[in-house]
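In what follows, a single structure is set out as structure tokens and then discussed.
The values are calculated or read from the model by the stated rules, or taken from the named source; none is laboratory data. Given the structure is predicted, the values throughout are model-derived calculations rather than measurements. Positions of Cβ are backbone-derived with ideal geometry, glycine not excepted, and every protein chain shown enters the neighbour counts. Accessible surface areas use protein heavy atoms only, side chains included; no ligands, DNA or RNA. Shrake-Rupley method; radii C 1.70, N 1.55, O 1.52, S 1.80 Å.
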Amino acid sequence: MMEIAPVLVSDSADSPDPEITGKHMYSDESYSMKVVNFANVMSNENDNVKQFFNTKIPELVSGTTKEKSQYKVLGIGSGPGEMDLYILSAIQKFRPDLKICSETIEPNHTQIELYKANLSKMPELRGVTFTWHEKITAQYRQDAKENNEFKKFDLIHMIQTVYYTTPIKETLEFFISCLSPEGKLIITVISGDCGWSKLYKRHKWLLQEDYCMDLCSEHITGILDTISVRYETHDIDSYFDITQCFVEGSDVGGMLLDAVTEKLHFAETAPADIKAKIMEDLQSPEFSIRRDGKILLDTRIKAIVIG
């Protein structure tokens, strides 16, 4: 589904003790896919990201295709391809005469097969060429260097997947170098001042060595500032309905808690004191809002457009 990063980005110098942090949700692939799919239903994030791309596609395509008949797109950590296919469809609708070439870096074979299955339901994209690279970004970078093959793309996107790439700075520098002269790299990442980001900053127990779950927009823009690259940021509203998390014994609530904490069976495995503090915080106005009888976790993100 998403890539796994061996380096943790943290505001704290203290590393979480792997003996007490519990298993990451993605250690159970089948269950994690079920949780993620359900969590997407309870969040408006995907809809708002799609709306963002709706507004940006005309600018992106118009700015890079004045003298070109081909538009090359690279998706990083695309999973089952829902967002990729949406973006490609939007490009095609804006410029139906444009030849589109899509490449994807996705290390999970199951996700690639799901991507292909979703693609088969969209005959309108029959004219688009697709290539899948079943590997992590580090392997893709290494292969490009060893083969001295550095492809250029008009659009590269990392939609909520930068947390799972490593090392972050080298990854960003490499993919920026893969942009065509007027190309853009678009990263969506959690905003540093949203409730979800604050939760991970406060509760270091949630962090694990293999995942950059406290990475936020400020980390990315800070790196970009050090390499003197042009970028702009856009705020995207996002809220996650966690109401069921507070219904005792709710299976749905348990899955939502796993999605929020990215822990496997958090409600059953978390130390009682840590669970109590996190549950208390999740209801606090610092982290969530209440609307129409629902508790909505603040999961606002930023879209960072580079190039």
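Of the residues making up the range 63-76, at least one is in contact with a His (Cβ under 9 Å, 6 or more places away or on another chain), surrounded by 13 or more Cβ atoms within 10 Å (Cβ to Cβ), small (Gly, Ala, Ser) and not in a loop (DSSP other than H, G, I, E, B). Taking the conditions exactly as written (surrounded by 15 or more Cβ atoms within 10 Å (Cβ to Cβ) and part of a helix (DSSP H, G or I)), does Glu218 satisfy them or not? In short, yes. Restricting Ser228, Ser250, Ser238 to residues that are in contact with a strand residue (DSSP E or B) (Cβ under 9 Å, 6 or more places away or on another chain) and of a type in the set (Gly, Ala, Ser) narrows the list to Ser238.
Number of residues in the range 221-242 that are closer than 22 Å to Leu282 by Cβ and open to solvent by 40 Å² or more (accessible area, probe 1.4 Å) equals 2.
Among the conditions (1) open to solvent by less than 70 Å² (accessible area, probe 1.4 Å); (2) over 30 Å from Tyr31 (Cα atoms); (3) part of a loop (DSSP other than H, G, I, E, B), the only one that Asp97 does not satisfy is (1).
Give the range 120-130 a look and list any residue that's exposed (fewer than 11 other Cβ atoms within 10 Å of the Cβ) and not in a loop (DSSP other than H, G, I, E, B), or say none. Residues satisfying the conditions are Ser120, Pro123. Within the range 77-94, the residues that satisfy the criterion of being open to solvent by 30 Å² or more (accessible area, probe 1.4 Å) and farther than 19 Å from Met33 by Cα are Tyr86, Gln92, Lys93, Phe94.
Check whether at least one residue in the range 290-300 is within 23 Å of Asp28 (Cβ to Cβ) and in a helix (DSSP H, G or I), and report yes or no. The answer is no, given that none of the residues of the range 290-300 is within 23 Å of Asp28 (Cβ to Cβ) and in a helix (DSSP H, G or I). Looking at Ile112, is it open to solvent by less than 30 Å² (accessible area, probe 1.4 Å) and either acidic (Asp, Glu) or closer than 24 Å to Ile176 by Cα (or both)? So Ile112 fails the test. More than 19 Å from Met33 (Cα to Cα), in a strand (DSSP E or B) and modelled with pLDDT of 95 or more: is that true of Ile278 in this structure? Against the criterion (more than 19 Å from Met33 (Cα to Cα), in a strand (DSSP E or B) and modelled with pLDDT of 95 or more), Ile278 does not qualify. State all residues of the range 251-284 that are under 17 Å from Val41 (Cα atoms), of a type outside the set (Val, Ile, Thr) and surrounded by 15 or more Cβ atoms within 10 Å (Cβ to Cβ); if no residue qualifies, say none. Scanning the range 251-284 gives Gly253, Gly254, Met255, Leu256, Leu257, Asp258, Ala259, Glu262. Take the conditions in contact (Cβ under 8 Å) with a residue 12 or more places away in the chain, out of contact with any Pro (no Cβ under 8 Å at 6 or more places or on another chain), among the small types (Gly, Ala, Ser) and part of a strand (DSSP E or B) and apply them to Ala267. Does it pass? Judged against the criteria, Ala267 is not a match. Once the range 143-169 is narrowed to residues that are farther than 17 Å from Glu103 by Cα and over 18 Å from the mean Cα position of the chain (by Cα), the residue that is surrounded by the fewest Cβ atoms within 10 Å (Cβ to Cβ) is Asn148.
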